[in-house]
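Here's the structure we're looking at; comments come further down.
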Protein chains: 2
Amino acid sequence: MKIFITLLTFFLSINVFSQNDKVMIEKIFDTSMNFSNSYQLLDYLSNEIGGRLSGSLNADRAVKWGQEELNKIGFDKVWLQKLMVPKWVRGPKEFALIETQPGVTFNVDVCALGGSVATPPVGIKANVIEVKSFEELKNLGKNKIDGKIVFFNRPMQSNLVSTFQAYGKAVNQRTNGAVEAVKYGAIGVIVRSMSLRLDDYPHTGTMNYGNLPPSKKIPAAAISTNAAEKLSDLLIINPNLKFLLRQQCKQLKDVVSYNVIAEIKGSEYPNEIILIGGHLDSWDLGDGSHDDGAGIVQSMDLLNIFNKINYTPKRTIRIVLFMNEENGTRGAKKYFEVAKKNNLNHIFALESDAGGFTPRGFSFTSNESNFKMIQSWKKIFEPYLINSFELGGSGADIALLKTDYNVLAGLRPDSQRYFDYHHTSIDTFDAINKRELELGTFAMTSLVYLFDKYGIIK
Amino acid sequence: MKIFITLLTFFLSINVFSQNDKVMIEKIFDTSMNFSNSYQLLDYLSNEIGGRLSGSLNADRAVKWGQEELNKIGFDKVWLQKLMVPKWVRGPKEFALIETQPGVTFNVDVCALGGSVATPPVGIKANVIEVKSFEELKNLGKNKIDGKIVFFNRPMQSNLVSTFQAYGKAVNQRTNGAVEAVKYGAIGVIVRSMSLRLDDYPHTGTMNYGNLPPSKKIPAAAISTNAAEKLSDLLIINPNLKFLLRQQCKQLKDVVSYNVIAEIKGSEYPNEIILIGGHLDSWDLGDGSHDDGAGIVQSMDLLNIFNKINYTPKRTIRIVLFMNEENGTRGAKKYFEVAKKNNLNHIFALESDAGGFTPRGFSFTSNESNFKMIQSWKKIFEPYLINSFELGGSGADIALLKTDYNVLAGLRPDSQRYFDYHHTSIDTFDAINKRELELGTFAMTSLVYLFDKYGIIK
């Protein structure tokens, strides 16, 4: 009988929501799908401002726009949080070709990786050695690698449902390829683009040189997946082919930039902060619509939706447009530093930085008792087909805010198309579907409503 | 104590699958994502054949292609099932304009609805009356409608998660608009395109005249959503504006066509048939990649996947490429008629006709005992985020096969983008994402594997 009672208690105890919440969430849904500003906001950010790499003029414009738009929505306070950001510039379009024999060349699509050094003005031209892993690199050793360009060509795995997982298993080629290859005398690296598709778009993204002195740094570029396949095929026919890479990118001095923060004080628990955010900077090749314009406008739009349904938050709501997620996360660090100094109590933080696609659910970082409460909310989201509530990471800009008791979460949209666009010239507004974007706004606003109403268990 | 035991029995009884099934489904997943032919097959059907309206030369080509491709896969038998189909032809591109005053005109994007009659060669030109419903039409009556063009402008509802549900609530304007409007003396109808997006693409689709004699039939066209908004705005300014519509479409005599059927006999239960299918015909404006090229190639590819994992079906597997779903469902009717005459026992039928997007789950028509078994399978699909298993419809081509005991199902992909493309010139191969398509192939193959292994409860 004890087991039965336990079971019964379990069933009875887990529903932390009321019928009224269901009605509220229906209202949030109707308002998000009929009267959201998300799409219009993103249209402006993408099409009128565009790509906004940290330290660029466009990033400054985005800061100003974010501040102005948040001021229109009716927050108690909107302010800029000053910080220093790295400033890396791509320079003129990169150039690369494969030379199979003198005079026989094929142009290929490449782009410099963010943070890379330039090649000499005439470029570097050398033999290529293809590897799939750092282990293979090590086994080949200095003997086989010295003086060559290392070609990292391990594809993202197709047979993983989460493309982010596939990305995680491949991306060390991009982030650490150069610093690994230089150990064995490589003079440059080219990395297969982080994409599951075969196409002609090179994918940029951050890379680092560890503690290498400036003189040891070698240029690193991404190559499109089609070109990677071609290079690999040609290497089988002619292992002595040459590759020419020319890029003129540059790391300048750090410059001033800002996180944009908006706050509405909680009517009942002003000291309990709920943070919602994404990152305002983007890579420079596209206009950053999916990464992370979508997360920015979904976050900004949340108070719009609350206003339209006449909901007054009980807890303090903060929207943070983080600067410099892409190549430094300086915005996240600055925000955390100030929050810590001021002893701020973030009970819940939610990040949207996985694209503006149909939301499938959320990933949570939470202790067990709060996660039980959260799981009971899943029922409310199921009619909207938002039903994946998993423990896991949250997001790069909020992860530092973790405490023993608070809850962090990341919106988890359908990931199948994300890496078709990620860090490329085609991450643009036309790749956004209005309904998919708005469903994300709805999902985020609804989750925030529930955390605002019920708080967390400490 | 009774309740407890019931609960316990419930928990213990519902798992109709083994650990081995999970392994098999992992294999199906790997094979679908790494070695599927779905994308290549669709590339050919879409780009080499293209739009294939019933009775067209392209529909004939598609039949031939389907037969040839199925023959390559290794079925026991591939054959054509002869039937008569309607042949409607669009003729030259339609033309329409709004005339706000003599000499001041705006061209608008329209297309004839499938089955519509032509206008006279010079077109029809008349005043327009905008309505949102048949009730409004009735209330206006002959007095207000006689001699005019009726403009049906009720948008699809944004605040429904399922866009198919929104379609269902709007589509009677297209299917029955003409036959309703003619009662009150209308001389033509234009219908707001069945889309949730504002754009310039008119959406065709089937319409019918009920029992109207030929002389009473009035032309019916779809107008793009942007043009519908514009017309509506202009009507407020000038209710006396004129609309000119010219279309030269034609209903010809029925012609011969075919369902394409492939079969592999079951090794243990040859008399139990599992049918998988989609429709081979499409509208003429695009190349029918989502509607329903996706469903065709997913169905065709299923035996490929089984072969690659060395799975021999215990029950008879039939792939049916149905002809004429779009404007007559003659293929479905013929298939059913022959199946009935031959007393065939279809224990399970699965249709894919909702686009090649990320699969979210399946909709089932099933009795309670079979549905309990099916629900226990949901656990196997959850790691792949395919977790919506609902009772509901299956699909237009298989619905006739329902018996008291058998199970019908429809693949349910994410529906958010479906009506961006449906029945338009942009339902083309570039709107297909390879992974999303292959996930559908995986979902279908896995479900068929489970039905093949466990059969149904009679």
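Determine the shape class of region A:316-458: with a ≥ b ≥ c the square roots of the Cα gyration tensor eigenvalues, call it rounded for a/c under 1.5, and otherwise prolate if a/b is greater than b/c, oblate otherwise. Judged from the Cα gyration tensor, region A:316-458 comes out oblate (a/c at least 1.5, b/c at or above a/b). Position B:LYS144: other-copy label points at 8.2 nm, ordered by increasing distance, label point 7 Å along Cα→C-beta. Computed over region B:41-181, the range of Cα coordinates on each principal axis works out to 64, 39, 27 Å, biggest value leading. FRET efficiency for the B:GLN165 to B:ASN240 pair, using the beta carbon distance and R₀ = 45 Å, is estimated at 0.75.
What separates the B:VAL122 label point from its copies, with the point 7 Å along Cα to Cβ, is 7.6 nm, written shortest first.
Shape verdict for the protein assembly as shown, please, from the Cα gyration tensor: rounded (a/c under 1.5), prolate (a/b greater than b/c) or oblate. Rounded shape, in that the Cα axes give a/c under 1.5. Take the alpha carbon gyration tensor of region A:214-266, find the square roots of its eigenvalues, order them as a ≥ b ≥ c, and report rounded if a/c is under 1.5; if not, report prolate when a/b exceeds b/c, else oblate. Since a/c reaches 1.5 but b/c is at least a/b, the shape of region A:214-266 is classed as oblate. Placing unit charges on C-beta atoms (Lys and Arg positive, Asp and Glu negative, everything else neutral), compute the dipole magnitude of region B:91-248 about its Cα centre in debye, rounded to 20. In total the dipole reaches around 400 debye. Over all other residues within a Cβ to Cβ distance under 15 Å of A:ARG246, the charged ones net out to +2, with Lys and Arg as +1 and Asp and Glu as -1. Take B:16-23, A:438-445 and order them by the average number of nearby Cβ atoms within 10 Å per residue, most first; the result is A:438-445, B:16-23.
A viscosity of 0.890 mPa s and a temperature of 25 °C, combined with the Kirkwood radius over Cα pairs in Stokes-Einstein, give a translational diffusion coefficient for region B:376-426 of 181 µm²/s.
In region A:267-336, a dipole from Cβ-located charges (positive for Lys and Arg, negative for Asp and Glu) runs towards its positive end, and of A:ALA294, A:TYR311, A:PHE322 it is A:TYR311 whose Cα lies farthest in that direction.
For B:LYS169, the point set 7 Å out from Cα toward Cβ sits 4.3 nm from its twins in the other copies, listed from shortest up. Here is how the number arises for chain B: DSSP H runs of 4 or more residues each give -39500 (n - 2.57), the sum is divided by the residue count, and the result at 222 nm is -11000 deg cm²/dmol. First measure r as the distance between the Cβ atoms of B:PHE95 and B:ASN310, then evaluate 1/(1 + (r/R0)^6) with R0 = 45 Å and state the FRET efficiency to the nearest 0.05. Once rounded, the FRET efficiency stands at 0.20.
In this simple spin-label approximation, B:ARG61 and B:GLU390 carry label points 7 Å from Cα along the Cα→Cβ vector, and these lie 3.8 nm apart. Of the Cα atoms belonging to region A:331-403, the radius of gyration and Dmax stand at 14.0, 42 Å.
Once you reduce region B:343-368 and region A:127-200 to the center of their Cα atoms, the two points are 43 Å from each other.
Extension gain for A:ASN139 to A:TYR44 (0.36 nm times residue separation, less C-alpha to C-alpha distance): 29.1 nm.
The value for region B:91-248 of Rg(Cα) / (2.2 N^0.38 Å) is 0.96. Summarising the strand pairing of region A:93-248, around 55 percent of its internal DSSP beta bridges are antiparallel.
Highest mean packing first, where packing is the average number of other Cβ atoms within 10 Å per residue, the peptides B:408-420, B:277-289, B:84-96 line up as B:277-289, B:408-420, B:84-96. A dipole drawn for chain B from +1 and -1 charges on Cβ atoms has a positive end, and of B:GLY147, B:ILE274, B:SER224 the residue lying farthest that way is B:GLY147. Rounded to the nearest 20 debye, the dipole size of the protein assembly as shown about its Cα centre is 700 debye, using +1 on the Cβ of Lys and Arg and -1 on the Cβ of Asp and Glu.
Other residues within the sphere of radius under 14 Å centred on the Cβ of A:GLN416, judged by their own Cβ, net out at +2 (K and R +1, D and E -1). Rounded to the nearest 20 debye, the dipole size of region A:308-378 about its Cα centre is 320 debye, using +1 on the Cβ of Lys and Arg and -1 on the Cβ of Asp and Glu.
Remark: for residue pairs B:LYS148/B:LYS230; B:LYS142/B:LYS216; B:LYS333/B:LYS372; A:LYS314/A:LYS379; A:LYS132/A:LYS242; B:LYS169/B:LYS334, the C-alpha separation exceeds 21 Å in B:LYS333/B:LYS372; A:LYS314/A:LYS379; B:LYS169/B:LYS334.
The equivalent ellipsoid of region B:173-217 has semi-axes of 24, 10, 8 Å, largest first, where each one is the square root of 5 times an eigenvalue of the Cα gyration tensor. Against chain B, whose longest principal axis is taken from its Cα atoms, helix B:434-454 shows a tilt of about 50°.
Across every pair of non-identical alpha carbons in chain B, the mean reciprocal distance, once inverted, gives a Kirkwood radius of 23.3 Å. Note on region B:240-368: the C-alpha convex hull projects to 13.3 nm² when averaged across all orientations. Of the peptides B:293-302, A:52-61, A:368-377, the order by per-residue mean of other Cβ atoms within 10 Å, starting with the highest, comes out as B:293-302, A:52-61, A:368-377.
Values in this text are rule-based calculations from the coordinates and carry no lab data. Small disclaimer: the values here were computed from a predicted structure and weren't measured. Counting neighbours? That spans all protein chains shown, and the Cβs are built from the backbone with ideal geometry, glycine included.
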